Amino acid sequence: MKLLELTPEDALTFGSLKNFTAGESHYQQTTFPPPIMRFFSLGKEQGLKPLKIAGVFIKHQEELFLPLPADCLKKRKEKTEKIYVPKWDEELKRPFIEPFEREKDKVELLNLEQAEGFCSFSDFREHYAKGENFEVKYKEIFQEEERVGVKLNYDKRVSEDRHLYSRIYLRFKNSHIVLLVEDDINKAFFSTVGGERKYAKIKPAEDELINFLKESVDIKRDKLYKFYSTTHLYADLKSEIKLNGNIKFKVEWVSSLPPEWVSGYKKPFLYMLRPGTVLWLRALEDGMCERLCQVSSGSEVIKYNGGTKDLLKRGWNSGILLEVGQ
């Protein structure tokens, strides 16, 4: 298990599968974190085999940031945000946040909405993993740049009338993309990345996250656990699932952002849950598991082009297992 730090030479764009043709759809947004398949071919020029990637994060001014867990809430229309972390209510059989906040003699009715963005790894480990609320003062961990283009008629070599379009790029100023990989890479190298194949320097990096992910979690039957997804997730969550292919769980609740279509060259279209998805799991048996693990069910093997592709072998369905206070 290793972290790779990517330093782009220019602004990057990571498009989605949403239809984008100048003249029909005039605005292409970029997504972050992108699907892990955008980085599979890193190091191909150096003869490296395709990477197995278990997460895409951001490092800003020497601090690691993860996608904010999807069960986190915040007060509506607040910029400096207090993040509210729900607790499990056994009577309601769902995550729950007390709707009133009491401070001294003041009682406030909370008007909450789902929080999006990033949280530092230190907040994730010291507060979120323990079910505690925390403060997030969002930093500009990357800048968005809008660039305008025009559709060209290559036969006539002229521009098409009324066919202007805009595309969003991400510029990583004082920031780096960080990949969590299972490959043993010890040397720095250059490779292309992003929608326009811009060059980036890739080098191994160190962080406390690795030690955290290697911790063992003692699984006890009937106890509740959280699975925080570090990649896109595809599984049948209505039936029982397994972690690392051997410990059975029942999915009690799913907290997620809207799912999105994911695909690549000569690959099937899959409607997948986004990184940051949180599964609330009830253990069906005892066992032992590292925090970094993978969800598997009967739907992780996809058949196409006459063959099969096991999603788990490339890193999909990876995430972090956390205990839930009872």
Kindly indicate whether any position in segment 128-137 is more than 22 Å from Gly325 (Cα to Cα), at pLDDT below 90 and surrounded by 16 or more Cβ atoms within 10 Å (Cβ to Cβ). yes
Candidate set from segment 69-93 (those that are over 30 Å from Ile36 (Cβ atoms) and touching a residue at least 12 places away in the same chain (Cβ under 8 Å)); member that is least open to solvent (accessible area, probe 1.4 Å): Lys75
Determine whether segment 246-265 contains at least one residue that is open to solvent by 30 Å² or more (accessible area, probe 1.4 Å), assigned to a loop (DSSP other than H, G, I, E, B) and of a type in the set (S, T, N, Q). yes
Please pick out the residue among Leu66, Leu51 that is open to solvent by less than 40 Å² (accessible area, probe 1.4 Å), in a loop (DSSP other than H, G, I, E, B) and either in contact with a strand residue (DSSP E or B) (Cβ under 8 Å, 6 or more places away or on another chain) or over 30 Å from Trp88 (Cα atoms) (or both). Leu51
Among the residues of segment 1-25 satisfying the criterion of being surrounded by 15 or more Cβ atoms within 10 Å (Cβ to Cβ), at pLDDT below 75 and not aliphatic (A, V, I, L, M), which is farthest from Arg314 (Cα to Cα)? Phe20
With the requirement that a residue be part of a strand (DSSP E or B) and either within 21 Å of Phe134 (Cβ to Cβ) or among the small types (Gly, Ala, Ser) (or both), what does segment 91-105 give you? Pro95, Phe96, Phe100, Glu101, Arg102, Glu103
Out of all the residues in segment 269-286, is one or more under 25 Å from Phe57 (Cα atoms), open to solvent by 30 Å² or more (accessible area, probe 1.4 Å) and at pLDDT below 90? yes
Looking only at segment 167-211, how many residues end up being β-branched (Val, Ile, Thr) and under 18 Å from the mean Cα position of the chain (by Cα)? 5
Just give me the residues in segment 94-127 being acidic (Asp, Glu) and open to solvent by 30 Å² or more (accessible area, probe 1.4 Å), in sequence order. Glu98, Glu103, Asp105, Glu108, Glu113, Glu116, Asp123, Glu126
Please pick out the residue among Lys187, Lys173, Lys203 that is among the charged types (D, E, K, R) and part of a strand (DSSP E or B). Lys203
Out of (1) part of a loop (DSSP other than H, G, I, E, B); (2) modelled with pLDDT of 95 or more, the one Lys77 does not meet is (2)
Considering segment 200-214 alone, what residues qualify as being open to solvent by 90 Å² or more (accessible area, probe 1.4 Å) and in contact (Cβ under 8 Å) with a residue 12 or more places away in the chain? Glu206, Glu208, Lys214
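The values are calculated or read from the model by the stated rules, or taken from the named source; none is laboratory data. Bear in mind that the values here come from a model prediction, so they are computed numbers and not experimental data. Note that we place each Cβ from the backbone using ideal geometry, even for glycine, and neighbour counts take in every protein chain shown. Surface areas here come from the heavy atoms of the whole protein model, side chains and all, with no ligands, DNA or RNA. Shrake-Rupley method; radii C 1.70, N 1.55, O 1.52, S 1.80 Å.
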